[in-house]
Amino acid sequence: MKTIYNHILQATFKGEKLLAVLIDPDKMDLNAVAKFIEKVNASRATHIFVGGSVVAAQLTEALVIEIKKHTQLPLLLFPGDVGQITNQADALLFLSLISGRNPDYLIGKHVQAISKLKNSNLEIISTGYILIENGKQTAVQRVTNTTPLQNNNIQLIADTATAGELLGMKLIYLEAGSGALQPVSKKIIEKIKTNISIPLIVGGGIRNLKQLNQAYQAGADLVVIGTAFENDESFFEELQDC
């Protein structure tokens, strides 16, 4: 049973807003996991994402195993490459970078992953991944060798999201990128939300409670926060009672 995706669907239908904490294996010391996850558990977080644009071999699996010792929250892989796939997680966002035109990240990496996924217990969730220009070059842009969609071309972003849904994607993920100078705008989120019927994920550049709430109000069903927690763990305290 596809329990994690069904939960996201049900929450979207009910208007319940979800929050994922993104943990990059290259930036998280295993010795710091217990303390960090304690704060995640005390916050309003509903999911944990694990992944990064560039991650050394074996780091992802070791981190996932350690995180699972300290939380019951669903753990989803957010992989930048095939080497980040581990059966120790609960689910995998099967990301297709539909904003770019590099065939490796549209379908190539996915084909390479099949040998790992054939006998896996992971819940695989096809996700249309759309990179939005944010004012600076991001790691995703460098690694994938793709150009983000311009944030003022809202119709193109909306058409790309709609195309993703029609291709059978189960989620659309709007990404400004790690450490983005500015998050995905309210206008973009609102436009995409009115053009698709599947759950909408928004991430990148969200650094405070105001920006988080703006994303929700604009129509994001699930917001992903990573860098903000890496730089200031006190952000967790803001999320305990909101």
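The values are calculated or read from the model by the stated rules, or taken from the named source; none is laboratory data. Model, not experiment: these values are computed from the prediction. Positions of Cβ are backbone-derived with ideal geometry, glycine not excepted, and every protein chain shown enters the neighbour counts. Side chains included, ligands, DNA and RNA excluded: accessible areas come from the protein's heavy atoms. Shrake-Rupley method; radii C 1.70, N 1.55, O 1.52, S 1.80 Å.
Take Ala57 and decide whether it is touching a helix residue (DSSP H, G or I) at 6+ places or on another chain (Cβ under 6 Å), of a type in the set (A, V, I, L, M, F, W, C) and closer than 22 Å to Asn6 by Cα.
When the stated conditions are applied, Ala57 does not pass them.
Would you call Ala215 assigned to a helix (DSSP H, G or I), crowded, with 19+ Cβ neighbours inside 10 Å and under 18 Å from the mean Cα position of the chain (by Cα)? Against the criterion (assigned to a helix (DSSP H, G or I), crowded, with 19+ Cβ neighbours inside 10 Å and under 18 Å from the mean Cα position of the chain (by Cα)), Ala215 qualifies.
Conditions tested, residue by residue: (1) open to solvent by less than 70 Å² (accessible area, probe 1.4 Å); (2) touching a residue at least 12 places away in the same chain (Cβ under 8 Å).
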site: Phe13; (1), (2): no, no
site: Ala20; (1), (2): yes, yes
site: Asp24; (1), (2): yes, yes
site: Lys27; (1), (2): no, yes
site: Val55; (1), (2): yes, yes
site: Leu59; (1), (2): yes, yes
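Using the structure shown, decide if Leu181 is aliphatic (A, V, I, L, M), open to solvent by 60 Å² or more (accessible area, probe 1.4 Å) and either in contact with a helix residue (DSSP H, G or I) (Cβ under 7 Å, 6 or more places away or on another chain) or not in a helix (DSSP H, G or I) (or both). Talk me through it step by step, then tell me what you get.
Working: aliphatic (A, V, I, L, M): yes; open to solvent by 60 Å² or more (accessible area, probe 1.4 Å): yes; either in contact with a helix residue (DSSP H, G or I) (Cβ under 7 Å, 6 or more places away or on another chain) or not in a helix (DSSP H, G or I) (or both): yes.
Considered against the rule, which asks whether it is aliphatic (A, V, I, L, M), open to solvent by 60 Å² or more (accessible area, probe 1.4 Å) and either in contact with a helix residue (DSSP H, G or I) (Cβ under 7 Å, 6 or more places away or on another chain) or not in a helix (DSSP H, G or I) (or both), Leu181 comes out as yes.
Take the residues in the stretch 134-164 that are within 17 Å of the chain's Cα centre (by Cα) and closer than 21 Å to Ile196 by Cα, then tell me which one is surrounded by the fewest Cβ atoms within 10 Å (Cβ to Cβ). Here the answer is Pro148.
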